[in-house]
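Heads up: the structure comes next, in structure tokens.
The values are calculated or read from the model by the stated rules, or taken from the named source; none is laboratory data. Please read all numbers here as calculations on a predicted model, not as lab measurements. Counting neighbours? That spans all protein chains shown, and the Cβs are built from the backbone with ideal geometry, glycine included. Note: areas computed on protein heavy atoms with side chains; ligands, DNA, RNA excluded. Shrake-Rupley method; radii C 1.70, N 1.55, O 1.52, S 1.80 Å.
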Amino acid sequence: MRRARAAVWVPGVLLSLGLVAPEAWAYLDPSTGSMILSAIVGMFFTAGLAVKTFWYKLRGLFRRDNRRDPQREPDPQDEPFGQAPGAD
């Protein structure tokens, strides 16, 4: 019940605070724009990497894991470097 009431008055409070904010007399030099743009691009790439990582983990949960299958044939790609398959 409290969350429903907070969902009603919080946007109103934020809007009223935004309407009464004084003017800001600030100087933004030319490099500030590129800094803001770099931060936005970095956030998009970070979000994309997080989605990709989550997707691969989720896909791995639903994919059949062949590594635990005892009937599976050995794959030469699974062998460490420098060893031939089947050599001890």
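Among the residues making up region 39-63, those that are open to solvent by less than 80 Å² (accessible area, probe 1.4 Å) and either modelled with pLDDT of 90 or more or among the charged types (D, E, K, R) (or both) are ALA39, ILE40, VAL41, GLY42, ALA47, GLY48, ALA50, THR53. Scanning region 17-33 for residues that are surrounded by fewer than 10 Cβ atoms within 10 Å (Cβ to Cβ) and part of a helix (DSSP H, G or I) yields LEU17, GLY18, LEU19, PRO30, SER31.
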